Every structure is written in structure tokens, then in C-alpha cells.
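Enquirer: Starting off with a structure, shown below.
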Number of protein chains: 2
Amino acid sequence: MSKNLTKRETDYSKWYNELVVKANLAENSGVRGCMVIKPYGYAIWEKMQAELDRMFKETGHENAYFPLFVPKSMFEAEEKNAEGFAKECAVVTHYRLKNDPDNQGKLMVDPNAKLEEELIVRPTSEAIIWSTYKGWIQSYRDLPLLINQWANVVRWEMRTRLFLRTAEFLWQEGHTAHALETEAIKEAELILDVYGNFAENFMAMPVIKGLKTESERFAGAIETYCIEGLMQDGKALQAGTSHFLGQNFAKAFDVKFTSKEGKQEYVWATSWGVSTRLIGALIMTHSDDLGLVLPPNLAPIQVVIIPIHKTDEQLDAISVKINEIVAELRKKGISVKYDDRTAYKPGWKFAEYELKGVPLRIAMGPKDLENGTLEIARRDTLEKQNISQVTVVEYVEKTLKEIQDNLYQKALNYRETHITEVDSFEEFQEVLETKGGFISAHWDGTPETEEKIKDLTKATIRCIPLNNKIEGGKCVFTGEKSTQRVLFAKAY
Amino acid sequence: MSKNLTKRETDYSKWYNELVVKANLAENSGVRGCMVIKPYGYAIWEKMQAELDRMFKETGHENAYFPLFVPKSMFEAEEKNAEGFAKECAVVTHYRLKNDPDNQGKLMVDPNAKLEEELIVRPTSEAIIWSTYKGWIQSYRDLPLLINQWANVVRWEMRTRLFLRTAEFLWQEGHTAHALETEAIKEAELILDVYGNFAENFMAMPVIKGLKTESERFAGAIETYCIEGLMQDGKALQAGTSHFLGQNFAKAFDVKFTSKEGKQEYVWATSWGVSTRLIGALIMTHSDDLGLVLPPNLAPIQVVIIPIHKTDEQLDAISVKINEIVAELRKKGISVKYDDRTAYKPGWKFAEYELKGVPLRIAMGPKDLENGTLEIARRDTLEKQNISQVTVVEYVEKTLKEIQDNLYQKALNYRETHITEVDSFEEFQEVLETKGGFISAHWDGTPETEEKIKDLTKATIRCIPLNNKIEGGKCVFTGEKSTQRVLFAKAY
């Protein structure tokens, strides 16, 4: 099991790929660039979905569902958005197969079933949604329109990696419409906070909130807000984005409303999304050389219980006690698995659940049964402790909270020690190559400089932090005037 | 509002189409045959999903996610299945767009980005899933494999209707693998029971469980089990199917396992699904000329409360009391909406929530406030009653149960009086044209007779009921020998 896992320091990228497969999270499918999300990986996604969905609903959003396909003419209506995604679009051109006359038992695309207009498999849904909103919005009374969609999208990426970059992925995309510019901006910022809370309180992943530079902005957006996490190998990961779209889509699809004052005005828009990529971020934030480390708030199994026994009688006696404990823990809303399979040895099970990142592991043998004790092990620190069975519920509740906090603190410490202020380009390059992490540096504000730095170092501007202090300085590359530092990093 | 709804007896089909749109459930999109599921319709789907998902998990199933696309060579591996779906497949042939040199600002499919192998947008996922299962199943220890997927699928239907038949629809598809034939058959039957329970206890829709005839079977199945509902216009609707697939897919994808006895054997399979079509069934089972009628167990809003007031002071005073009631009802897990919008009059709101099928409507005015009363109206019977505010929680809980039961009983009574035994083809045709519903008749068991009856009457064999009694008789069409009656009907 875990001993075959490549060590992080040997090859972080290989470690990640192996871990995703060995922990049964996902695997590559027979379809280029598309993954199969296996039950254990999907269970994490379900936990993420449930929390996010609750947060969206608590902030007044409703779910809906829009078509998978976008007709080409609709897709190209907002030119910048279309241009941004055109190079990675899967295109449906035909609607029927027929028997291949030259190849018995095989099928071929029926040339007589060519579509009059090609359909794009949605890479994102602004176009189809705003073409629909045109029918929904007439008056200020119809606003705000606060809608979210859970869906699959397709972007034909050339280099793919499980969860991090796949041709098809699962996500949620919010699309809101507002009467006022200020309301739309407030919405984009509200969602950034929702994403930030989710990342920090559920994923135990500290994030920096910021704005993207023009060249990193979503195609068609006026401003892109983002949350950026830092992975253990010093590379940044964009974990969620929230876009203020201005009136771009309203103008492209002619969506106007009658204001309270009786005037016809274009609607203001936002869109925002997080995806199955978050599972990749979760893995790379906490896991170690033994396998996954999952924060209790998102772990599909929070506690696993393993009986240690030689005889069937011992197993029966232990099981009676364990079933009591299982029932008590479940009453508290804790997700417990009792693994009493006899086809696997305890040692194998220990390694298995370490690999799968279960936060707490309880073992109970015949002596524990006699003594009224049990052994409990933390996945994050690997510490083991013998405790009285009487205190187990209390101990588990307390320790799950501790693990959640500990994981966040550990990740935060790493992040805090990996933001380095530099004032020269030599230092910039050195820190990037030796220490990694975020580099806080002055930048002259031009896309040209950003591009040159990227070409030379592969580092991009991850964001202009929202809480930035304004300070005079000189661009780390050109020496031109700058008013604030921005965060550079190599990124996933 | 509702007064503009076409009456059912005038034109049932028009009534349905209008109702779906007016009640804000769904609408046609700008993409041929694809619908937009609006928030209110999607909320019903979410309720359905939550219950079904719970039932699947309670019976040992896990969720996973498989790719949207199926390479053509994989799709055609199980020939019968491929043949069954070939004529309605959306096909992706290209992966990039480019600027159209002859048409500034427009895009065209890039001819240099043609896929080597076409990708089929999944009409169902047996092929992609069984090609994956090959890697997951080696030994009897890997079985049973009990997996479900919530996904969108595409079938290029020529005549579409909101919810009932759309090119893209949402569904769940279960795909299980078993060591023994008997286990697979038991699984297919278990799921049929889950579907039956869901239809009867949540949708309040009585269903007949049965087997499909060969010509109505799922392409690639050995046996197709189904649940059939009866709509108010006397047409049947297939609400869910569960297929015993034998070893067809295991053979097509070479999925073998080592048995306990050390032998290599092909795996046995099932697949099963229900879709957003259920929303169509729900509407047509209960709704009336005023609009939707929703069973409380699936209603997104179970109770709506409307204040009746002239002055702001009155509204404030009423709101204090109503907010107390809202809190008490919510504590009991009841979903309540307090509609205190002042832009709409009470009368407008009454019609609105009637149209939307909210099971209970509470109204409270200044006099109620004085007297400690309120008015409560049932959507199913349209009865109104004045009750004491003190008893409201108890009353609501009891009445929601009564409504749920009443809707089921009403639908059951209709169904029971619309199963007609006939023994001649004249009678068959007469009952079909005048009374409608299920016709219970002897059939000689041949696809030819089934086909001829269909051509002449548009009625198909909906199923051979599982609880059928064996009785000798003569085929209603050919006079040949028959051992049991089957159920014919016109169907959605």
C-alpha cells in the first residue's frame, strides 16, 4: 500500500498522481483528458457540494439547469468571451450514426445528419444563460436574479491532470443579474467571501483574496476576483473565481430592464465558479508520504474502527462493544465506518485508511475489551493514545475539531513563511527557484512586463491582494514606478 | 394568472404545456429540443434527488462520475445497445473553433482540429462504465459493485416536450456488477421496489410493476422491469426502468472475475434509471385547471403564508405573529414561505400559489390577529377553514399528511377504474378511444401481433404485470392461445 507511494521530496508531481489513483479518488478514462471520479473521490465532492450549496442558498441563490449545448451563433455573441474559449471547444456537428456499409457491425457518422448550425459543448454558460435571461428580465422587479447551476463543462485542454486540469470537469457556476453596478460588484465580493470561508473552514486551506490582472482575467469580465491557495511544493493554485461582468453580456444579448424611474437600462452581471479542481487543492494542501490527509469537515469517513482479534468469539465480543460506540458517534452526526472484514489483516487496514486520510482510527482488541479502553490514532500527527471507552465520544468530538484547526494552522504557517518580499529581479529568480511560494514584488502595471517575467521565470501574477497596502516602489523588472506590491508565483 | 390556463378537457396537451411554462417549471431553450429547468422546477428535482439518493445509499450504492463522451469504437462494442441508440446520437467531431476569415467577429469550426475518432455524447453510460469496470474487477472480492451516477444524457429526439421527452435530460443511472446471475436479477428487482416506493410514497403516484415485452426492452438487456403510471388523460407513462443485462456488457468489454472456486467467469450486470421525466409524470398525475397540485412530500414550499392588510402598521403587527408561526413550523421541518411583498395584492398571490401547487395556504388579516385565528386553505380540495393560531402547527402537520394520502388515493381510484379487461378487438378499440387507460387483454406473445395492434391503434404493451395471474385465453387480435393478460395503453 502506502509504502509504494513516491515520496513528495523525490517527485511531488509523481506523488500526487500516484496518490489520486491509489487512494481510489479518480483515474484516467478511455476518453482523452476525461477522468472517472471514483466513489471515494466523489464522496468528497458530495461533501463539498452540500456545504457550498447550503452557503449559496443561505445567501439567497437558487439552482436551475441550462442546456449543455450552445449554438455557435449564440456562443460568439460576446466576442471576448468567445475568443477566450474558442480554441478549446468540443463541437457537435452531427446527430446520428448509421451502420458502416464497409465494416460489418461498425457504425459511422451519418453524413446526412449534419447539423445546420454546430453546437458547442459548454465550456462555461454565460452565453446560453444570458440568451435565456433576455426572456426573464423586463423590469427592476425581476432583479436581482440570483441563480446557480451544478453542471459538467468541457474545455479541450491539451495537457491534463486528474482533478487539476481535465477536459471535462464538474463545477458550479453562478450567474446573477442586477439593476445597479454597485449591487453586482457587491455580489461578486459576497461570493468571494463565501469561497474564502469554504476554503478556510471546510478545506482548512488558507487563501489570499485578490484581483486578477487584465491578462489573467476571465474572458469577458471587467474584474476577476480570486482566491489563491499555496500548495506544499510552493506552487500556487487558483481555487475559485468571481467575476464582475459589467454590462458586457447584457449588451451582447440585449438584456434591458425598465428601472424604477421608467428608463430602459442594460443589466449588470456577475458569474462565479469552483470546480472538482478543489479536490486537487485539498490533496496538495494537507497530504503526506503515507497518503491522503483529509480535514474532518470534508472527510467522507471521519472515524474508522478496526477490531483486533484472533478468534471469531473475540471478534463477536469486540463487535458488541464497537457497535455501541458506532451508534453513539452517529448520534452526534459523526461519520463512522466499522471495518470488520475478516479477509484483511489489521495491519493492511491501518495502511489502507492512512492512505485514504481518515482523520481518526480506533483499534480495539481483547485486552481493550477487558480494560475498558481503546487505541485512537490521529491521521494528521500520527499520534496514538489509549483512552477509556467511556470518554470516546467526547474525545472524538474534541479531537476532530483539533485536527481541523491543526491542519489549517499548519497550512497557514507554511503559507505565511512562503510569502517573500523581494526588491530585485535577481532575488526574485533566486527565491522562486530555491524557496518557491508567493513572491511579493513591485510591478509597473503593464501586461508587457508581466509577460516578460512569465517568459523568463514561468511565474505569473496570481493576484493583487484585496488587503494590499499602498506603498511607493519600483518595478522589480523594469524599475518603473509602482504603487503596490503584487503576488507572483508559479501556479497549477 | 390561472384563469388563462387552458382547461384539461379542452386540450390536455395544451394544458400541460401551458402549465409547465406558467408555473415557472421549465421552458424551451434556444437549443433545439433542450429545455431550461427553472428554479421552481429544479427545486422539485432536488427534492426527488435527495429522496432517491438516500434510498440508493441505504441499499448499499455509492455515487461516482464517468465521462460525458464515449469514443465511437467503445460505443459500438455492445452491438444491440449501440444499434438501439445510434439514430439519436449527438456526435463531437472537432475540438476547436477559429476566426472565420470571411466573416469578421464570427467563428468557424477549425478543419485542422478534427478528432481522429468521433466522440458520442452519452445517451446512456453502459459502454463507458463497463470499459472502466474491466479495470476494477478481478476477483469475486471486488463484487458486487453497486454504483450510481447523477448525470445529463443526450438523445436526439425529433419530437420533444418539456420534461417528457427532451434531447438533453437529467437522470440517475445505476450500473451494478455481480458474481451470480441470481444476484443481478435480485438487484434489478430491488431497484424496481425502490422506484415503486418512491413513486407511491413521495410522488403519490400509483404504479404498476411489470416486465417489458421484447420489443419494448432496453437495447442490450435480457429483461427490462418497469413501473408504469397512468395520467389523467388515460395515457400511460413509463416512470422508471431497471434492466437485467445478463453478461452482454461483460462479454462486449471482456470483464471477467476469478470466482471463489478459482474459475474465470463473466460478470453479471444491471442498469436502471429515472429522469427529469418524473416531473412531467408528477404534473400530469395530480394537477388541475387552476394549476399545479404538488404532493407535500415533494413540494419545495409546503406552506405559504400571506398577510392581508391595508396599512403598514397592520402589516407590522401581523408579521410579528406570522414570524412566530414560521419559526415553529420550520422547527418541525416544514418548508414555509412568508410572502410579505407589498408590490402584489393578496388576490394575485392566492392565484400565484394555486398555480404553483403549494399544498397549504395560510392567510392572516387584522381581524384574525384580534381573534387569534387564521384562514387555512388546502390546494388539493380547495377547502378553507378558520382555525385557532394555537393549533396551527398540529393542524399543518396533520393536514400535510392527509393531502399526501388524499392525492395518492385519488390517483389510485382513477387508475383502478381505468384498467379494463376486454376479450375482443372491437371492445379493445372502443375502450381505447372512449375511456382510455390500461386495457387488460390476452396476447399471443408474438412481436408481430404487438406491432400490428400498435399500427392499428397506437396502443403498445406497457408491461406484463409482475403480479399477473396465469389464466388461459385467446389473443384479442389473432385468437391464438394465451396464458395471461398483458396491459395495453397509449403512452407518453
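Each value in this text was obtained by applying a stated rule to the coordinates, not by laboratory testing. On a predicted model such as this, the values are computed, not experimentally measured, just so you know. Cβ placement follows ideal geometry from the backbone for every residue including glycine, while neighbour counts extend to all protein chains displayed.
Enquirer: Whole-Å semi-axes of segment B:303-414's equivalent ellipsoid, largest first, each the root of 5 times a Cα gyration tensor eigenvalue?
Expert: Here the semi-axes work out to 25, 16, 12 Å.
Enquirer: Something else: Distances longer than 42 Å among the Cα atoms of chain A: what percent of all pairs is that?
Expert: Result for the distance tail: 29 percent.
Enquirer: Please give every one of the lysines within straight-line cross-link reach of residue A:72, meaning a C-alpha to C-alpha distance under 21 Å, and leave out same-chain neighbours fewer than 8 residues apart.
Expert: Within the straight-line cut-off, residue A:72 pairs with A:80, A:87, A:114, A:134, A:251, B:98, B:106, B:114.
Enquirer: Given +1 on the Cβ of Lys and Arg, -1 on the Cβ of Asp and Glu, and no further charges, what dipole in debye does chain A carry about its Cα centre, rounded to the nearest 20? Before the final figure, lay out each step's value.
Expert: Numbers: 63 positive and 73 negative charges, 177 e Å.
For this selection, approximately 860 debye.
Enquirer: Another question, then. Please tell me which of these pairs span more than 21 angstrom C-alpha to C-alpha: B:14/B:490; A:38/B:57; B:47/B:356; A:57/A:235?
Expert: In this structure, A:57/A:235 exceed 21 Å between Cα atoms.
Enquirer: Still on this structure, please answer the following. Shortest first and in nm to one decimal, what separations exist between residue A:338 and its copies in the other chains, measuring from label points 7 Å along the Cα-to-beta-carbon line?
Expert: Between copies, matching label points for residue A:338 lie 4.5 nm apart.
Enquirer: If packing is taken as the average count of other Cβ atoms within 10 Å, what order do B:468-478, A:449-459 fall into, highest mean first? Each step should come with its number before you reach the end.
Expert: Working: B:468-478: 14.5, A:449-459: 16.2.
In decreasing order of mean packing, B:468-478, A:449-459 become A:449-459, B:468-478.
Enquirer: Once you charge only the Cβ atoms, +1 for Lys and Arg and -1 for Asp and Glu, what is the size of the charge dipole of the protein assembly as shown about its Cα centre, to the nearest 20 debye?
Expert: The dipole of the protein assembly as shown has a size of about 220 debye.
Enquirer: At residue B:14, label 7 Å along Cα→Cβ: distances to the other copies, nm, ascending?
Expert: Taking the point 7 Å beyond Cα along Cα→Cβ, the inter-copy spacings are 7.2 nm.
Enquirer: Once the label point is placed 7 Å from Cα along Cβ, list for residue B:49 the distances to the corresponding points in the other copies, in nm, shortest first.
Expert: 0.5
Enquirer: Determine the percent antiparallel among the DSSP beta bridges restricted to segment A:419-489, to the nearest 5.
Expert: Rounded to the nearest five, the antiparallel share is 75 percent.
Enquirer: Quick one: compute the contact order of segment A:303-399, relative version, from alpha carbon pairs under 8 angstrom and 6+ residues apart, as a percent.
Expert: Numbers: 123 pairs, mean separation 29.7, N = 97.
Here the relative contact order equals 31 percent.
Enquirer: Oh, and also: What's the average, rounded to a whole number, of partner chain beta-carbon atoms within 10 Å of each residue's beta-carbon in A:31-43?
Expert: So the per-residue partner count for this stretch is 6.
Enquirer: Ok, one more. Could you give the length gained on full extension between residue B:468 and residue B:332, defined as 0.36 nm per residue of separation minus the Cα-Cα distance, in nm?
Expert: 44.7 nm
Enquirer: Further question on the same structure: Which one, B:298, B:484, B:19, is farthest towards the positive end of the dipole of chain B when Lys and Arg carry +1 and Asp and Glu -1 on their Cβ?
Expert: B:19
Enquirer: Could you state the number of Å between the C-alpha centres of segment A:326-345 and segment B:460-481?
Expert: Answer, in whole Å: 50.
Enquirer: Rounded to the nearest Å, what's the spacing between the alpha carbon centres of segment A:64-84 and segment B:367-429? Just the number, please.
Expert: After rounding, the separation between the Cα centres reads 45 Å.
Enquirer: Give me the percent relative contact order of segment A:419-489, please, defined on Cα pairs under 8 angstrom at least 6 residues apart.
Expert: 39 percent
Enquirer: Hey, another quick one. Report for chain A the percent antiparallel among DSSP-assigned beta bridges with both residues inside it, nearest 5.
Expert: Roughly 85 percent of the beta bridges in chain A run antiparallel, per DSSP.
Enquirer: Further question: First check a/c for segment A:30-89, with a ≥ b ≥ c the square roots of the eigenvalues of its C-alpha gyration tensor; if it is under 1.5, answer rounded, and if not, answer prolate when a/b is larger than b/c or oblate otherwise.
Expert: Numbers: a/c = 2.89, a/b = 1.34, b/c = 2.16.
The shape class here is oblate.
Enquirer: Please compute the alpha carbon radius of gyration of the protein assembly as shown, then divide it by the globular-protein estimate 2.2 N^0.38 Å. Two decimals is fine. The partial results should precede the final answer.
Expert: Numbers: Rg = 30.4 Å, N = 984, 2.2 N^0.38 = 30.2 Å.
Against the empirical 2.2 N^0.38 Å value, I get 1.01 for the protein assembly as shown.
Enquirer: Same structure again: Nearest 500 deg cm²/dmol is fine: what mean residue ellipticity at 222 nm does chain A get from its DSSP H runs of n ≥ 4 alone, each adding -39,500 (n - 2.57), divided by its residue count?
Expert: Value at 222 nm, helices only, nearest 500: -11000 deg cm²/dmol.
Enquirer: May I ask you to derive the relative contact order of chain A, considering only C-alpha pairs under 8 Å and at least 6 residues apart, and to give it as an integer percent?
Expert: Averaging sequence separation for qualifying contacts and normalising by length gives 14 percent for chain A.
Enquirer: Averaged over its residues, how many other protein chain Cβ atoms are within 10 Å of peptide A:321-327's Cβ atoms?
Expert: 0
Enquirer: In whole angstrom, how long is each semi-axis of the equivalent ellipsoid of segment A:442-482, when you take the square root of 5 times every eigenvalue of its Cα gyration tensor and sort them from largest down? Before the final figure, lay out each step's value.
Expert: Details: eigenvalues 64, 36, 10 Å².
Over the Cα atoms of segment A:442-482, the semi-axes work out to 18, 13, 7 Å.
Enquirer: Another question about this same structure. Among A:369, A:385, A:351, whose Cα projects farthest towards the positive end of the dipole of segment A:345-386, with charges put on the beta-carbon of Lys, Arg (+1) and Asp, Glu (-1)?
Expert: A:351
Enquirer: Please give the average number of partner chain Cβ atoms lying within 10 Å of the Cβ of each residue in A:474-481, rounded to a whole number.
Expert: 0
Enquirer: Related question: Normalized C-alpha radius of gyration of segment A:419-489, against 2.2 N^0.38 Å? Kindly include the intermediate steps, with their values, before the conclusion.
Expert: Details: Rg = 10.8 Å, N = 71, 2.2 N^0.38 = 11.1 Å.
That ratio works out to 0.97.
Enquirer: Separation of segment A:235-298 and segment A:163-224 by C-alpha centroid, Å?
Expert: About 3 Å separates the Cα centre of segment A:235-298 from the one of segment A:163-224.
Enquirer: Moving to a separate point now. Let's see if you can work this out: charge +1 on each Lys and Arg Cβ, -1 on each Asp and Glu Cβ, no other charges. What is the dipole magnitude of segment A:419-489 about its Cα centre, in debye to the nearest 20?
Expert: 260 debye
Enquirer: Within straight cross-link reach of residue A:401, meaning Cα distance under 16 Å, which aspartates and glutamates are found once same-chain residues fewer than 8 apart are removed?
Expert: Of all the aspartates and glutamates, those that pass the test against residue A:401 - Cα under 16 Å, at least 8 places apart if same chain - are A:200, A:380, A:383.
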